[in-house]
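In what follows, a structure is listed as structure tokens, so that the remarks can point back to it.
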Amino acid sequence: MGLLIVGSLALDTVITPFDKVEGALGGSATYISLAASYFSGPVELVGVVGNDFPDEYVRMLEDHGVDLEGLQKEEGKTFRWGGKYHYDLNVRDTLFTDLNVFEKFDPVIPEKFKKSKYVCLGNIDPTLQLKVLEQMIEPQLVVCDTMNYWIEGKKEELLQLLKRVDVLIINDSETRLLVQEPNLIKASKMIMDLGPQTLIIKKGEHGAMLFTDETIFSAPAYPMEMIYDPTGAGDSFAGGFTGYLFKTRDLSPNNLKSAVIYGSSMASFCVEKFSTKGLEELSYLQIQDRYREFLNISRIDETE
Ligand code: AMP
């Protein structure tokens, strides 16, 4: 049984202060699957593309061992998203969100994926995320990502979904938006009352925080001199985090902390290059090296 990933596959237009690309491979499921593929297989993807989706992108995912039996190909255009980053790369404006084939997407989980115990719901309409869970047979760990677009547009559906989610991964501004509370510690408690036993708050170049009933853990971000394209960092985090938990099958508090560092490592690789390029040619050894570097930058020796 594999790690089931559901989300968007997209053709992105990305503008940064350094460059502009159109029709680049993107989408939440794409980044999550690629990041998770380095940990343990099989990675099972469920999503939809239009007939304009290039074959080379399909082949690249297959080359990473991603099982595409759940990928639907429909008449029409692939989901398209455009984003523009400011000089401060933490700030992004969404230029457009064209749902296209996503508008009618009905996620059908292939029979052989239904018993998968680990599920990662990438950022898509919470109604669809819920539909996925309804088809799964007793998943053990449900990890979920979402964004302001759905918090503002589909709040009720999102609240229904959260009752069935074990780990929610969102960023700091989405956290505040979801529960209308400016203080992140208070907000984390309010979110955990909505369902998830574990919450991860991503803070861009300031790292990520993990909250459980008993633990608060703060992980740094990797100190990078050059961030080329931040798109997909959050999804790569989710892929690394869930992929590592799937590989180790250990949900202890300490292992959750390691998973946060592996997630952060995958996010750091993602932003080094445009689109998915930073995730396409890695080795597990490189990932472990970055994991160790992460440990080193936050380790101190006890003093008197
Ligand atoms: P991130 O930078 O981690 O927030 O992820 C960006 C990716 O999410 C891009 O590749 C987009 O194609 C995809 N994306 C953006 N908005 C949405 C949306 N409303 N639903 C699904 N996927 C989206």
Worksheet, complete the sentence: With R₀ set to 30 angstrom, the calculated FRET efficiency between the beta-carbons of Q160 and F96, to the nearest 0.05, is 0.60
Practice prompt. Just need the Rg to Rh number for segment 43-136, please, alpha carbons only, Kirkwood Rh.
Written response: 1.01
Response to the item:
Computed about the Cα centre, the charge dipole of the chain from +1 Lys/Arg and -1 Asp/Glu charges at the Cβ has a magnitude in debye, to the nearest 20, of 480 debye
Worksheet item: With each run of n ≥ 4 DSSP H residues scored as -39500 (n - 2.57), what mean residue ellipticity at 222 nm is computed for the chain after dividing by its residue count and rounding to the nearest 500 deg cm²/dmol?
Response: -10500 deg cm²/dmol
Worksheet item: Hey, in the GNM for the chain with a 10 angstrom Cα cutoff, which one of M266, M224, M136 fluctuates hardest?
Response: M224
Discussion item. Looking at the chain as a GNM with Cα springs under 10 Å, which of G207, G234, G27 has the largest mean-square fluctuation?
Written reply: G207
Discussion item. Using a 1.4 Å probe on the protein heavy atoms, what percent of the accessible area of segment 193-304 belongs to carbon and sulfur?
Written reply: 46 percent
Item to complete: In Å and from the alpha-carbon atoms only, list the Rg and Dmax of the chain.
Response: 17.9, 68
Worksheet, complete the sentence: If each K or R counts +1 and each D or E counts -1, the residues other than L158 whose Cβ falls under 13 Å of its Cβ total -2
Discussion item. Just to be sure I understand: with springs between alpha-carbon atoms less than 10 Å apart, which residue in E280, E138, E225 has the highest mean-square fluctuation in the Gaussian network model of the chain?
Written reply: E225
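Run the numbers on the chain and let me know its relative contact order in percent, using alpha-carbon pairs under 8 Å that are six or more apart.
17 percent
Put F269, F96 in order of accessible area, largest first, 1.4 Å probe: what do you get?
Sorted descending by solvent-accessible area, the residues read F96, F269.
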Worksheet entry | Percentage relative contact order, segment 7-125, counting C-alpha pairs under 8 Å, at least six apart | 29 percent
Discussion item. Skipping prolines and chain starts, which residues have an amide H placed within reach, meaning under 5 Å, of the one on K203, given they are 5 or more residues away or on another chain?
Written reply: A208, M209
Worksheet item: Based on the alpha carbon coordinates of segment 1-158, what radius of gyration and maximum Cα-Cα distance (Dmax) apply, in Å?
Response: 15.5, 47
Worksheet item: Using the heavy atoms of the protein chains alone and a 1.4 angstrom probe, what is the accessible area of the chain per residue in square angstrom?
Response: 45 Å²
Response to the item:
Taking the alpha-carbon centre of each part, the distance from segment 179-239 to segment 274-304 in Å is 18 Å
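Give, as a single signed number, the net charge of other residues whose beta carbon lies under 13 Å from the beta carbon of A24, with Lys and Arg counted +1 and Asp and Glu -1. Walk me through the numbers before you get to the answer.
On the way: positive: K20, R80, K273, K277; negative: D12, D19, E22, E56, D229, E280.
Result for the neighbourhood of A24: -2.
The values are calculated or read from the model by the stated rules, or taken from the named source; none is laboratory data. All values reported here derive from a predicted model rather than from experimental measurement. Glycine also receives a Cβ, built like all others from the backbone with ideal geometry; neighbour counts cover every protein chain displayed. Quick note on the areas: whole protein, heavy atoms, side chains included, nothing else; ligands and nucleic acids left out. Shrake-Rupley method; radii C 1.70, N 1.55, O 1.52, S 1.80 Å.
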